[in-house]
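Visitor: Below is a structure I'd like to ask you about.
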Amino acid sequence: MKFFSIFILSLIFISCGASVAVDYDKEVDFNSYKLYNFYPSIQSGLSQIDDKRIIRIADSLLASKGFIKSETPQVFVNFYADETTSRSKNTVSIGVGGGGRNMGVGVSGGIPIGGKTINQQLTIDFVDSENDKLIWQAIAEGEYKERSTPEQKEAYYLSVIQKVLKKYPPKVK
């Protein structure tokens, strides 16, 4: 029984959070890129507050990987998001049923609880600044509550960007 409980909890934690897909140019030597900057005019589709949040988090994580922010970068970083809103998947169900002698009748309904959820697809591009060529791209899919506090949004973006940058540079085989 203890094993079953641990297994169920593991499944819940694995299913939470962002999933990340990565694509890159196999002919690029990613170790030669050390200087970066963001595009001067990012059109992310997010609020200015979220843009600043993402840039601050990415700056910190890129610096920890040995990258240097420069006015003459080797790589431009771009990001943009697509968002949709959905109702909470959590519901409280109410049911009425009856039956007897091989016959049954039932009525059921679900009442949504909790607020709406923002489903977000965040794309982060690394573009070679010399020839304006996309060399690496990550697409992260995640979700957060519509009424998230600034601290919750900060934690969400930190988690997503950590997962994205964990896959950079790619492990070339």
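Readers should treat all values here as calculations from the given coordinates under stated rules, not as data from a laboratory. Computed from a predicted structure; not experimentally measured. So basically every Cβ, Gly included, is an ideal-geometry build from the backbone, and we count neighbours across all protein chains shown.
Visitor: Given the pairs Lys65/Lys116; Lys133/Lys167; Lys145/Lys171; Lys52/Lys167, which span a C-alpha to C-alpha distance of over 28 angstrom in this model?
Guide: Lys65/Lys116; Lys145/Lys171
Visitor: Tally Lys/Arg at +1 and Asp/Glu at -1 over every other residue whose Cβ is under 11 Å from the Cβ of Leu134; what's the total?
Guide: Cβ neighbours under 11 Å give a net charge of -4.
Visitor: Another one. For the range 127-173, what D do you get in µm² per second when you plug the Kirkwood radius from alpha-carbon pairs into Stokes-Einstein at 20 °C and 1.002 mPa s?
Guide: My calculation gives 166 µm²/s for D.
Visitor: Local charge sum around Tyr168 (other residues, Cβ-Cβ under 15 Å, Lys/Arg +1, Asp/Glu -1)?
Guide: +1
Visitor: Compute the label zone of Thr72 within the range 21-64: residues whose backbone N is under 11 Å from the point 7 Å along Cα-to-Cβ.
Guide: Backbone N within reach: none found.
Visitor: Compute the distance in nm between two label points, each set 7 Å from the Cα along the Cα-to-Cβ direction, one at Asp29 and one at Gln162.
Guide: My value for the distance between the label points is 3.3 nm.
Visitor: How charged is the neighbourhood of Tyr39? Take every other residue with its Cβ under 12 Å from the Cβ of Tyr39, and add Lys/Arg as +1 and Asp/Glu as -1.
Guide: -3
Visitor: In addition: For the range 129-169, list residues with backbone N below 15 Å from a point placed 7 Å from the Cα of Val22 toward its Cβ?
Guide: 135-141, 160-169
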